[in-house]
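Structure, as structure tokens:
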Amino acid sequence: MLLAIAATLEYRWSTEIKTAEQVRVATDLESVMIKWHLDFYGEFSTVCVALQIGPDSGQRDSWEDYLHRYTQWSRAEDSGDSDTHLYKNRDLVRDVYIWETSRRVSPRLLRLNSGEDRIESSTIPPSLEPLLTHLRTNSSSLPVALQAWRSDNSANDVPSPGGQEPSLSHLLRSNAETGWQFDEKLPALVHPIFHYSQHRAIDTKTLSSVDPVDWVVVVLDWETIQKRILPDLMQRYFSGNQGLEYKVAVIAAGSTAHLLYSSDPGFGAGDISASDSVMEIFGPPPENSEHDIWQIENHKASLKGKDWHRFSSPVWFPIIAQTSVDGPWLLILQNRRGPLGAAVTRVWHRNLLTGGIVLLLLAVSMVLVVVASQRAQALANLQMDFVASVSHELRTPLAVILSASENIRDGFVEGRKVLMEQGAIITEQANQLMGLIDHVLLFAATARGVGYHNPRALHVSEILESALRNTNGLLRDADFTVEREIRPGLPRVAGDLSALSQCVENLIVNAVKYSNGDRWIGLSAGLDKGSGGRTGVRISVADHGVGIDSSDLQQIFEPFYRCPQAIAAQIHGTGLGLSIARRIAEAFGGTLSVVSEVGVGAVFTLHLLIADEVTSDLPPSSLERSGAAQNE
């Protein structure tokens, strides 16, 4: 349950981080694009600022004043007066025209010749004819001219205070977008203007917002935009140590979109929906005369939604206030290493994988803790059973000894023969107690990892004779028949005689305890072909006893373990005999295995390495002691 909660929280946390990372990446990219836009805007608006034109500037300026300013601006770079101009883009402007549409006769086109510092009449170039026709159509009044690219011409219906005709001063104060307008098709910058000198020559009445206007037309150079301004700006803002980090393009959108600039062949000419970010360079057209100049407020929350890949640039100042609606210019970016969204998703997946691995490790740790606690509980239960069993084993001989000693003390024993019988009982029970205590001490020694530091080369017959000598009384009293089959010429094994004989003794005692009427034990020894081609010696103890259930075979060598059948049959024992035997075998590089079938019997086999293989791995001091023992 806790892991499920942790996994859910981790997923939600990773998802929130992913969203925050997307917003951060998008915000950083948008910030760079807006900085790019500011410089791009500066390149276009420098000439507008230099001409110092406003809708009512004709009240104080003449065409010659505009010519003088244009000439001064176009020559500023040559005169070294570059500190007054942030952007050196004299080659951006191809021509500047005056389009006099307020004349009562036919309109006239004038060209400002900055090279010769004069104004000259000009024929209408074919490339300018659609633009000039459009401007003439929208020159009837200042409200119409200021909204020249409004498809609904809603500017004709600009209300005035009190329902009266709007005054010129009111219009200029209330309309923040009284500025330059951009025609992306040529491209060209245009500006409506009242030319007072022209009007006063005809009519000296006070001008109002419904009087016709003239136009200033600044024609820009396509080649300069495509080959200098756009490449320089792209290199300035979107390049890294390896060149451009993004594929960038500028396109003129619309019904017949065409590519203006591309850093890579073909990029931007197709579908742009897969791009990392798209910005409308000149921003959306104003919706009304009270539209906020800082249009960034209108889309500041766009990054929180799904449309953070596309946004409109802010209108930094009302220099270029309106553009045509047919073909907005778009800046398109795509990271060369792949979509930014995919990169963020990869990081998200990596974080999820890392979190999943951590949770998996935590789950495994919890499982191991549970298993360890269960094993500890099982060991504690076995130890309690051991304590109970040992207490029972100790109590029985002590009770017999106490009973015999009380008989002697109370004078119930008469005669030497009876006294000797009671003494024999006490001696027998005392020996049983000593054996039990030795058994426990031996287990404690093997449990602490105490090794045998005096191994020597032993004959198998030595080990078996010692084990049979120590269990002779038990076998005789239980009336067991022992058959021996020892292959002659067996190599010697390295070990401690008392330890290995104790190991075989435990197996013999175990066979006696779990006999099943057929009182037979078979002892055999022979060569043992072990794994890895190593040759050893095997000593087997077989019986025809009750056998061991397959479910108990993996546990009978565990300390304190006693199978349920033994407990039910009230067979005395501590559950330490087989555990001690196995530890003794492993102390000398050997193993102890068992094969058994319920109702048939069991065969325990002690696998030992030959003396040369074992002693070669022993410390020099041990080898010396082993040799000394052999010499003795």
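The listed peptides 128-139, 112-123, ordered by packing as a protection proxy, come out as 128-139, 112-123 (highest mean of other Cβ atoms within 10 Å first). Computed extension length for Glu245-Glu64: 60.4 nm, one decimal, from 0.36 nm per residue of separation with the Cα-Cα distance subtracted. Using alpha carbons only, how many angstrom separate the centre of the stretch 1-41 from the centre of the stretch 126-144? Rounded to whole Å, the Cα centres lie 47 Å apart. By the count of neighbouring beta-carbon atoms within 10 Å, fewest first, Ser239, Ser551, Ser102 end up ordered Ser551, Ser239, Ser102.
Residues Tyr237, Tyr246, Tyr261, ranked from the fewest to the most other C-beta atoms within 10 Å, line up as Tyr237, Tyr261, Tyr246. Panel order for Glu586, Glu100, by other beta carbons found within 10 Å of each beta carbon, from fewest to most: Glu586, Glu100. Protection proxy ranking of 368-381, 468-481, by the mean of other Cβ atoms within 10 Å over each peptide's residues and highest first, is 468-481, 368-381.
Full extension of the chain segment joining Ser140 with Val347 gains 68.6 nm, where the gain is 0.36 nm per residue of separation less the Cα-Cα distance. Computed from label points 7 Å out along Cα-Cβ, the spacing between Arg416 and Leu38 is 12.6 nm.
Since every read-out is calculated from the coordinates, none of them should be taken as a lab result. From a predicted model like this one, the values you see are computed outputs, not experimental measurements. Methodologically, a virtual Cβ is constructed for each residue, glycine included, from the backbone with ideal geometry; neighbour enumeration extends over all protein chains shown.
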